[in-house]
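Below is one structure; the comments refer to it alone.
What follows is calculated from the coordinates using simple rules that are stated; it is not laboratory data. The structure displayed is predicted, hence computed values, not measured ones. Here the Cβ is made from the backbone with ideal geometry for all residues, glycine too, and neighbour counts use every protein chain on show.
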Amino acid sequence: MTEGLGQLTDGVCGLDDFTHSHVYNVWPGYDYVGWNNESFPSGYVEIMFEFDRTRNFTTMKVHCNNMFSQHVKAFRQVVCYFRSESDWEASPLSFSPVVDEKNPSARFVTVNLANHMASAIKCQFYFADAWMLFSEITFQSDTAMYNTTLAPPKTGLPPNIQPEDDPTHKIDDSNTRILIGCLVAIIFILVAIIVIILWRQVWQKMLEKASRRMLDDELTASLSIQSETFAYNHNQSSTTSEQESNSTYERIFPLGPDYQEPSRLICKLPEFSQSSEEPASTSTAASKSTIATIVQDGAPHYAEADIVNLQGVTGGNTYAIPALAMDLLSGKDVAVEEFPRKLLTFKEKLGEGQFGEVHLCEADGMQEFMNKEFLFDIPEDVPVLVAVKMLRSDANKNARNDFLKEIKIMSRLKDPNIIRLLAVCIYSDPLCMITEYMENGDLNQFLSRHEPEGQLALLSNAPTVSFSNLCYMATQIASGMKYLSSLNFVHRDLATRNCLVGKKYTIKIADFGMSRNLYSGDYYRIQGRAVLPIRWMSWESILLGKFTTASDVWAFGVTLWEILNFCKEQPYSQLTDEQVIENTGEFFRDQKRQIYLPQPVLCPDSLYKIMLSCWRRNTKERPSFQEIHQALLEIQP
Ligand code: ADE
């Protein structure tokens with residue numbers, strides 16, 4: 001008898017000859033538990049059975065050996081005491097089977113327990129001979145046969161007694177049926193709940209997919225048509241606001257030539273129709289009344305129709321200006337002078353793009369061409385270092401026209417935080433733009449090779465930039481953008497890679513276009529043509545193709561994030577381009593599932609608040625550059 005299992009409960013009845021067993025290769029008498037009369041002076045063996053609860057006992061069956069030739073006999077008497085609750089019944093039950101000295105076969109002796117209610121039964125089995133061998137003991141109670149727990153204090157019997165498989169004692173079916181019925185009902189309800197939950201999830205996913213597909217279709221349509229527009233511009237070159245307006249929004253949003261509307265599909269989405277975003281008065285801004293609309297709004301933005309795309313020398317850089325401003329430009333001469341090409345001395349190549357190269361050059365006598373505010377720190381008669389953007393000599397007519405247009409626009413941008421066009425060489429090929437040279441290169445590379453002030457920088461001996469200087473640079477970018485937005489220019493590609501660093505942390509905004517190899521990872525190529533800086537773009541620029549000052553504000557927030565991370569990480573670096581576009585969908589849906597760029601370690605709450613305000617879904621809730629500039633001035637230590 002080991003580990004709680006016992007011969008008395010194993011369901012196997014011993015053979016007539018106890019020296020043999022059903023079980024192979026065990027010792028003689030294996031099937032039985034036996035007691036010797038000499039060990040029990042009282043003449044009986046007492047076994048106590050404890051049950052899980054009070055039961056109504058009908059019978060007890062004891063399987064006994066009766067091999068009298070070996071001095072083994074079934075018990076001659078059993079006296080049973082019953083305990084219900086905590087008290088033992090006063091009068092025990094006694095039963096005396098006939099002592100059989102004729103038939104040596106093992107047998108079940110059935111004891112009628114007369115429906116005694118008990119939770120424990122104590123039985124005294126009296127010897128009829130020198131030995132008493134039992135192989136099974138089972139109890140039958142009125143409801144069913146249960147496994148019971150036994151406490152055999154005197155005999156050391158195993159704790160479990162198994163029910164006997166006896167067809168004469170019926171299981172009480174009704175209770176079992178109720179139990180099974182309940183279980184089946186519970187299982188049924190659980191399965192139904194699971195099915196409903198799964199179905200709802202699948203349905204929601206399908207809906208989401210459908211709405212995403214609608215957006216994707218929209219996006220694809222928008223962007224492919226936009227790319228057609230780029231191509232169109234290259235081929236036709238003459239990019240009037242009328243032509244632009246016919247090219248993009250009208251084809252996507254066929255509501256008439258003057259309207260810029262979110263697509264009908266997107267309008268159908270409940271989030272869009274509920275949103276306070278773009279009431280008809282602003283989103284349907286007529287191109288001719290753009291400026292009036294801007295004034296009413298307080299948040300300058302205008303239709304795609306009013307944006308002029310220019311192909312920059314190092315790629316597809318795009319300054320966007322309102323049609324009205326373009327009209328002003330078109331009639332006038334370029335406000336910048338021709339510079340004698342021979343006075344330029346090539347020093348080194350600063351950059352290269354699809355449409356040309358940028359060289360560092362010495363310019364003799366440039367002082368004459370420069371405005372007074374530039375001259376105070378440049379000695380006379382010393383060659384001035386300049387950056388010369390040069391159009392490839394084999395560039396086609398469109399590229400030439402766009403280059404000239406960029407000159408026109410740049411020549412009118414005069415702000416300390418916008419890269420200044422000093423002079424041009426356009427009388428002969430190759431066409432050149434001469435801009436001021438910023439000795440520390442672009443802000444992205446500048447910050448990448450610097451570290452924040454602190455222990456780490458001290459240990460690594462790396463050059464550092466103080467928090468105060470980071471703020472100073474961010475403030476200058478905000479100031480430059482404030483200037484651009486005051487002219488209703490939309491930059492479309494504000495990022496640290498498009499800002500140049502001069503002496504003493506001075507910053508000037510430029511636009512190098514998208515084809516510099518170094519930053520190709522920052523641009524997402526759609527259908528092999530349109531190339532977009534999606535990680536810097538607002539949701540409405542990506543999904544609706546809408547570029548406004550408000551989307552420049554969004555990009556400013558990302559630029560600020562880059563600065564506070566020392567440009568050590570690309571925005572949303574853990575997301576693929578496709579996931580970034582999906583996240584844009586979440587910004588559009590605004591169901592709190594959009595992922596925001598995290599607060600950089602160095603970034604105080606006040607600065608992160610500015611970033612978050614730049615990424616507000618509603619364009620009108622985003623701050624103006626005027627407000628951002630002011631807030632940064634106040635934060636700057
Ligand atoms: N790379 C391109 N343009 C530049 C400029 N103006 N100054 C410094 N590096 C440049």
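Normalised by the number of residues in segment 438-492, the average gap of Cα pairs under 8 Å and 6 or more apart makes the relative contact order 21 percent.
Could you calculate the FRET efficiency of L459 with S573 from 1/(1 + (r/R0)^6), where r is the beta carbon distance between them and R0 is 35 Å, rounded to 0.05?
Details: r = 25 Å, r/R0 = 0.72.
About 0.90, to the nearest 0.05.
Full extension of the segment from K347 to V202, taken as 0.36 nm per residue of separation minus the current Cα-Cα distance, would add 45.9 nm. Working note: Karplus 6.51/-1.76/1.60 with θ = phi - 60° gives segment 79-91 the couplings 10, 10, 10, 10, 10, 10, 6, 10, 9, 7, 5, 5, 9 Hz, where Gly and Pro are set to x. Amide H contacts of F75 (H built 1.01 Å from N, in plane; Pro and chain starts excluded): no residue 5 or more places away or on another chain comes under 5 Å. Go ahead and run the numbers for FRET between T176 and A90, Cβ-Cβ distance against an R0 of 25 Å, rounding to 0.05. Result of the calculation: an efficiency of 0.10.
Taking other C-beta atoms within 10 angstrom as a stand-in for reagent exposure, L179, L544 fall in the order L179, L544, fewest first. Taking a ≥ b ≥ c as the square roots of the eigenvalues of the Cα gyration tensor, segment 52-142 is classed as prolate, since a/c reaches at least 1.5 and a/b is larger than b/c. In this structure, the amide hydrogen of C567, modeled 1.01 Å from its nitrogen in the peptide plane, lies closer than 5 angstrom to no residue at least 5 positions away or on a different chain. For the pairs K408/K568; K408/K482; K342/K503; K61/K102, flag any whose C-alpha to C-alpha distance is greater than 32 Å. As for pairs spanning more than 32 Å Cα to Cα, those are K408/K568. The order of the peptides 93-106, 451-464 by mean Cβ neighbours within 10 Å, most packed first, is 93-106, 451-464.
Counting other C-beta atoms within 10 Å, which of S141, S624 has the fewest, and how do the rest follow? Don't skip to the end; give the middle numbers.
Values: S141 23, S624 18.
Fewest-to-most Cβ neighbours within 10 Å comes out as S624, S141.
Annotation: amide H of S141 within the under-5 Å range of T58, Y146, sequence separation 5 or more or interchain, hydrogens built in the peptide plane.
Is segment 532-637 rounded, prolate or oblate when judged by the Cα gyration tensor, a ≥ b ≥ c being the square roots of its eigenvalues, rounded requiring a/c under 1.5 and prolate requiring a/b larger than b/c?
Details: a/c = 1.83, a/b = 1.28, b/c = 1.43.
Oblate.
In terms of distances greater than 25 angstrom between alpha carbons, the cross-link table entries K349/K508; K205/K546; K504/K609 yield K205/K546; K504/K609.
Look at the dipole of segment 396-436 built from charges on Cβ: of M433, I419, F403, the Cα furthest out on the positive end belongs to F403.
Relative contact order for segment 391-547: 20 percent, from Cα pairs under 8 Å spaced at least 6 residues apart, divided by residue count.
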